[in-house]
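Notes to accompany the following structure.
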Amino acid sequence: GVAGFHQHHVATAQVFRSQCVPLATVMRFQLLLGEDGLLQPLQRRCLRLAASLAYNLAGKPDKTLVQTDEVIRADPAMAQARAVRAEAFLLKKDKDEALIQIRQASQREKTVYIMMVKGRVHEARGEKADAVDAYEEVLKLDAARVDVLFLRGRILDSTGAIKEGTKELLAVIKAQPRMAQAHLWLGIGYAENNKEAQSLASFKDAVAMD
């Protein structure tokens with residue numbers, strides 16, 4: 001059935017994607033999308049969406065836009081496709097269109113992926129408070145995302161909310177003691193608070209972990 005097809009082939013391609021092999025991923029999806037007589041409409045939309053993710057990873061946003069155009073034409077309510085388009089427009093340095101797309105996506109649905117993209121769009125536009133809010137939504141959906149906790153801590157530090165940023169960075173380091181970037185930003189926060197000894201210790205830890 002459709003569900004089994006989607007799970008098998010998209011999972012196969014996602015393995016390539018997780019291993020940072022975008023060309024292998026794209027080739028897998030192109031092969032499947034070429035099987036016109038074998039695919040049902042929903043299957044084709046799922047594959048086009050997965051292919052779009054792979055094209056973004058491969059740095060080919062124009063191809064992403066072609067695929068997502070097809071998806072949205074068939075299913076205008078598919079929020080995930082709008083989020084993938086937002087990523088593509090970010091790659092093309094079109095931050096205004098990226099914002100339009102991710103707003104449309106997040107108004108329809110709030111998933112970890114959509115809210116992560118929303119955070120990145122706001123960061124790219126220098127809208128740090130909005131980025132922090134988007135990443136907070138991600139953490140509500142998946143509290144185990146230490147990478148997102150780091151992003152929030154880094155942004156808070158950079159906007160002068162040192163106490164809040166330090167708290168989140170310490171939580172990151174507790175969960176992942178060897179994350180060099182967390183130690184680095186913790187050191188920056190301590191330096192901003194004139195805590196020279198703690199700042200120096202954090203910088204040393206960052207160098208040791210790098």
Below 15 Å, Cα to Cα, which aspartates and glutamates can Lys93 reach? Residues fewer than 8 away in the same chain don't count. Asp62, Glu123
Stretchable slack from Lys128 to Asp210, in nm (0.36 nm times residue separation minus alpha-carbon distance): 26.9 nm
Where a label projected 7 Å from the Cα of Arg103 along Cα→Cβ would reach, residues of segment 60-82 with amide N under 16 Å: 82
Starting from the Cα of Lys204, draw a straight line to each of the aspartates and glutamates and keep only those under 20 Å, dropping any in the same chain fewer than 8 residues away. Asp157, Glu168, Glu192, Glu196
Backbone N under 15 Å from the Lys110 label point (7 Å along Cα→Cβ), restricted to segment 122-150: 130-143
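Which pairs in the list Lys128/Lys163; Lys63/Lys110; Lys118/Lys195; Lys60/Lys140 are over 27 Å apart, alpha-carbon to alpha-carbon?
Flagged as over cut-off: Lys118/Lys195; Lys60/Lys140.
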Rounded, prolate or oblate: which one fits segment 73-150, using the alpha carbon gyration tensor with axes a ≥ b ≥ c (rounded when a/c is under 1.5, else prolate when a/b beats b/c, else oblate)? oblate
If you count only protein heavy atoms with a 1.4 Å probe, what accessible area per residue comes out for segment 121-210, rounded to a whole Å²? 55 Å²
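Which net charge results for the neighbourhood of Trp185, defined as the other residues with beta-carbon distances under 9 angstrom from its beta-carbon, given Lys and Arg at +1 and Asp and Glu at -1?
Numbers: positive: Arg154; negative: Asp157.
Once all neighbours under 9 Å are counted, the net charge is 0.
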Multiplying the sequence separation of Asp94 and Gln181 by 0.36 nm and subtracting their Cα-Cα distance, what value in nm do you get? 28.5 nm
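The values are calculated or read from the model by the stated rules, or taken from the named source; none is laboratory data. Computed from a predicted structure; not experimentally measured. Every residue, glycine as well, gets a Cβ built from its backbone with ideal geometry; the counts of neighbours run over all protein chains shown. SASA here: full protein model, heavy atoms, side chains in, ligands and nucleic acids out. Shrake-Rupley method; radii C 1.70, N 1.55, O 1.52, S 1.80 Å.
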